[in-house]
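The values are calculated or read from the model by the stated rules, or taken from the named source; none is laboratory data. In this text, all values refer to a predicted model and were calculated from it rather than measured experimentally. As a convention, Cβ positions derive from the backbone with ideal geometry for all residues, glycine included, and neighbour counts pool all protein chains shown. With ligands, DNA and RNA removed, areas are computed over all heavy atoms of the protein, side chains included. Shrake-Rupley method; radii C 1.70, N 1.55, O 1.52, S 1.80 Å.
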Amino acid sequence: MIEKSFSEAMAFRHACKEFDKTQKIAENEMRFILEAGRRSPSSFGQEGWKFLVITNETLKEKLRPACWNQIQITSCSHLVVILAAIETLRPQSGVPAKRFARRDLTPEKTAIYVELYSNFLFDMMSDNTKLYEWSAKQTYIAATNMMSAAATLGIDSCPIEGFEKEKVEEILSLDTKAFQVSLILPFGYRINPQPSQIRVPFDEVVTFIE
């Protein structure tokens, strides 16, 4: 049953181009979707993301021109702006060590993890752009899980990369040294029928190596 319901959800999910403004997502269902994002895996278990959930219609209207005037921004029930962490990923912030320590490691083992992590990120530390690019990749895992969770509930979504990043960050008054916008993800209910799902055939995508 789980496999069947998940398969049905994958067939249901599509990039919804316009939502029904009259339909709102229930709070418990929206929390279920966000929880799927919160529980997502991330590199080194650092959870370098933050989710801004916008239901304020005035703010949606303000954001829409900075998002290529896409109607999904204002027609959705809940607009989730996914942020990629910057400052808290730096070893010197102390946050990585705290997150490693959640694993009930000895101080010595925690120090080893922090050193490994610091060496891994060494090339990115001097450049916020490089750190953002690495961090943003992690947020897409959370976004995918949120879209899949929504689909199991019959709730639509549409991942949006078409936006003016600096303008959106300015409108939201973000401290970009701490967090930067990675992806915009509206949720709601479709107003138009879903188009046929078009995908490359399985055998063209998958290669088994034995």
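Couple of notes before you dig in:
- If you filter the range 197-210 down to residues that are part of a loop (DSSP other than H, G, I, E, B) and hydrophobic (A, V, I, L, M, F, W, C), you find that the one that is modelled with the lowest pLDDT is ILE198.
- Residue among LEU89, LEU105, LEU59, LEU83 that is in contact with a strand residue (DSSP E or B) (Cβ under 8 Å, 6 or more places away or on another chain) and either aliphatic (A, V, I, L, M) or in contact (Cβ under 8 Å) with a residue 40 or more places away in the chain (or both): LEU83
- Selection count, the range 165-196, where residues are closer than 21 Å to ASP20 by Cβ, open to solvent by less than 90 Å² (accessible area, probe 1.4 Å) and part of a loop (DSSP other than H, G, I, E, B): 5
- Within the range 30-53, residues that are within 21 Å of GLY94 (Cα to Cα) have Cβ atoms under 7 Å from residues that are among the small types (Gly, Ala, Ser) and surrounded by fewer than 16 Cβ atoms within 10 Å (Cβ to Cβ) in no pair, counting only partners at least 6 apart in sequence or on another chain.
- Whether a residue is modelled with pLDDT of 95 or more, open to solvent by 10 Å² or more (accessible area, probe 1.4 Å) and among the polar types (S, T, N, Q) was assessed, and THR106 does not pass this test.
- Selection count where residues are surrounded by fewer than 19 Cβ atoms within 10 Å (Cβ to Cβ) and outside any loop (DSSP other than H, G, I, E, B), scope the range 89-98: 6
- Residues in the range 114-136 that are in contact (Cβ under 8 Å) with a residue 60 or more places away in the chain and open to solvent by 30 Å² or more (accessible area, probe 1.4 Å): PHE120 alone.
- Evaluation of GLU47 against the conditions (1) open to solvent by 100 Å² or more (accessible area, probe 1.4 Å); (2) on the phi > 0 side of the Ramachandran plot shows that the sole unmet condition is (1).
- Residue in the range 13-36 that is farther than 30 Å from ILE198 by Cα, among the β-branched types (Val, Ile, Thr) and open to solvent by 30 Å² or more (accessible area, probe 1.4 Å) present: no
- Set LEU79, LEU63: member being in a strand (DSSP E or B) and either at pLDDT below 95 or open to solvent by less than 30 Å² (accessible area, probe 1.4 Å) (or both): LEU79
- Options ALA150, ALA142: the member that is in a helix (DSSP H, G or I), open to solvent by less than 50 Å² (accessible area, probe 1.4 Å) and touching an Asp or Glu at 6+ places or on another chain (Cβ under 8 Å): ALA150
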